[in-house]
Each structure stands twice: as C-alpha cells, then as structure tokens.
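The following block contains the structure, expressed as structure tokens.
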Amino acid sequence: MIPTNATLGPPCNARARAQRLSGSGLRRHRMAAGITQETLAHAAGLAPSTVAKLEQGGSVRIETLNKIARALHVKTSQLMALDTPDPANEDSSRLGLVELRNTLTPPIGLTDPTRQTSEEPYLPALLGVIRNGAAAYDTLGFRALAKRVPKAIRDADSAVCYFDSGEERNRALATRAEAYLLGGRYLTQVRQYDLAYHALSGAIRDAREIGDTNTAAFAISIMSWLLLRQGRLDDAERVAVEAADHVEPRISTAEPERLVVWGWLALAAAAAAVRNNRDDEAGEAGRIAASAASALGVKPVGVQRFAGFDSTVVGAVLLRRHPEHSKRLAAAGRGHA
C-alpha cells in the first residue's frame, strides 16, 4: 500500500515553473525554527539577500522553494501562497486551441443546445480514430492533435445523446471517456490546465458511470501531473495515492492494463511526494512503480489503450525528469527495499 497520510499519467516535458511564495509564511517558519535569514540561506545554499527578498513574497522557482523547505524541515506546499497562480502565457490561437476550447466550454443558455444526430453513430469507427490518436500521441504533433480531438469529443457527445439507454449508451460513454482523456493529456502537455481539468473530469465521470476503473484511474494519474504542474503538491499526491490504493492488483494474476494504470499512479504519487520533501513516501511509491514495471516485463501487454509503461519509463520519470531529486528518491527507495 502507498502511504495515505498525504494526498501518470505520462510525464510532461518539464519546464521550470514559478510558484507563488507566501513571504509571511516563510518568515513565520523561519522564526519558529529560531534561525536568522543568514542561517537559513546557508542551509539552503542561497544568498542571504535572496532569503530577505523572498520573505517579501512574490514568485520563486519551485527548485528554490524546495531547497528552503528542506532547510526548514517542512513540506514545500506549506510555503506556497494560496492565491491563484499566474496563467500559462501560450497563445491559444497559436496552439490551435480555439476549436477545442469551444468544444469543451460551449456557451450555456436558458435551453440546452440540440446535439443529437438523426443518423445512428458508428461507435467502432469513432473509437478507432480516438485510439489511433492516443497510440500516435508522441508523434502526431500538437497541431494535429488539436485538430483531431475536438471532432472526436463532439462525435462522442452526440453518440451519448443518441443512445439513451442500454449497452449502446455504455459504449458511447466509454468512447467519450477516451476522447476526453486524449484531450486532457494534450491540454496538460501544452499547459492549458483549466481546460485539461475540464476534459479529465469528463473522462473520469464517464468512466466511473460505466464502471471502467482503468480509464478513470489513468485519467486521475494525468490529473495528478496537472496538479503537480500547478504547484498543488498535496492534492497531486493525495489523488494518486487514493486511486493507486483502490486499483492495487494481485500482481500474479493482474491484467497488464491494470498494472500499467497502477504503475502510472505510483509514479505520479512519487513525483509529487519528492517535490514536497516527503522522501519516505516518494521512495515507497517509486518502489511500487518499479514493481509494476517488473511484473509487466513478464506479461504480454497486447493492445495498449494508455501510455506505455516499463522500467525505462520509471527511470526516466523518477530520475531524468527530476534530476534535482534523483539522489534523494533513489536513497529513499533503497531504504524500503
């Protein structure tokens, strides 16, 4: 079991992201520790002038915030301001997001828009389009995905409206869940977090309604990465841990897809925990991710609906994606071996 006293989706290309710092919170924690600004600066490997400036509040790199939190022996999230972070500065039109935004956030009036089609949707073809997009996620390019996803979501939405009951409706909901999931992965990648949250929430709701735990759990793993990128470290760890505990399989009899989902959730939990100075929890989660990858190595995976997962992925996410934490995470993992 992953520790639950806190709180992959696939990793995004990490960029240094500024977080809002609570200057008064930093000062309060420093004074509670009984140390001067100079002593804190020395412990964190920073200049005293930097600490003095940070106690005034403002934006700070997550790596710097993490160093200060470690020096104070507190969680990184305890030093973060509670206000809304600055929005991503990507131009939606440049990224080809206008149509996708219109699809996910249509205008709401006093009456519901007519979305039902008079022609019966052919779900196998629609699902094939969505899964082809998911399979080619890393090679299609942002513009190609931005053009493909809106129509897939609209068509799946129409199918859900067309089939009002029975097995056909369940298949329509399953199709829409995967369409939303593809959109959520893409939007998280391009740092459109509010839209990504909307898409992932839709995927989770649809998948839960039909009992598709694997799809819901994989969407939650991406949600965890989204929350991590927003600096919501406690939330990112919590949702991943809770979902991982829920889907934890018996390794000897587990289906490969369940192992993939479990592994991604463990990776997401590890990434959030190590960023939040919770090394023991990060080490345990990393060990679980490695166990999932090891078990997959002896099972035929077959058709993958989700991002590929193996030992190489585990190493890339836990080490290369977070080089500043790699030694701590590896040491924590050895402590749980």
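The values are calculated or read from the model by the stated rules, or taken from the named source; none is laboratory data. Quantities reported herein were computed from a predicted structural model and do not represent experimental measurements. Here the Cβ is made from the backbone with ideal geometry for all residues, glycine too, and neighbour counts use every protein chain on show. Heads up: the accessible areas ignore ligands, DNA and RNA and are worked out on the full protein's heavy atoms, side chains in. Shrake-Rupley method; radii C 1.70, N 1.55, O 1.52, S 1.80 Å.
Modelling each spin label as a point 7 Å along the Cα-to-Cβ direction, I'd like the Asp112/Ala135 distance in nm, to one decimal.
Taking the simple label geometry, Asp112 and Ala135 are separated by 3.5 nm.
Another one. How many nm separate the modelled label positions at Glu167 and Arg250, each set 7 Å beyond the Cα in the direction of the Cβ?
That separation, rounded to one decimal, is 2.8 nm.
Another question, then. Considering only protein heavy atoms, what is the solvent-accessible area of Val60 at a probe of 1.4 Å, reported in Å² to the nearest 10?
10
Here's something else I'd like to know. Looking at the P(r) of segment 162-296, how many percent of alpha-carbon pairs lie beyond 28 Å?
18
Can you give the FRET efficiency for Ser201 and Arg28, using 1/(1 + (r/R0)^6), R0 = 41 Å, r = Cβ-Cβ distance, to the nearest 0.05?
Efficiency at R0 = 41 Å is approximately 0.75.
Something else now. Amide H to amide H, which residues 5 or more places from Met80 or on other chains are under 5 Å from it, using H placed in the peptide plane?
Amide H neighbours of Met80, under 5 Å, 5+ apart: Ser22.
Taking all pairs of distinct Cα atoms, average 1/r, flip it, and tell me the Kirkwood hydrodynamic radius of segment 129-211 in Å to one decimal place. Don't skip to the answer; put the middle values down first.
Numbers: mean 1/r = 0.0786 Å⁻¹.
Kirkwood hydrodynamic radius for segment 129-211: 12.7 Å.
5 Å is the cut-off here: which amide hydrogens, built 1.01 Å from N in the peptide plane, fall below it relative to Arg61, excluding neighbours closer than 5 in sequence?
Close amide H contacts, sequence-distant or interchain: Gln19.
For the pair Ile35/Ser49, report the inter-label distance in nm, with labels modelled 7 Å from Cα in the Cβ direction.
It works out to 2.2 nm between the two label points.
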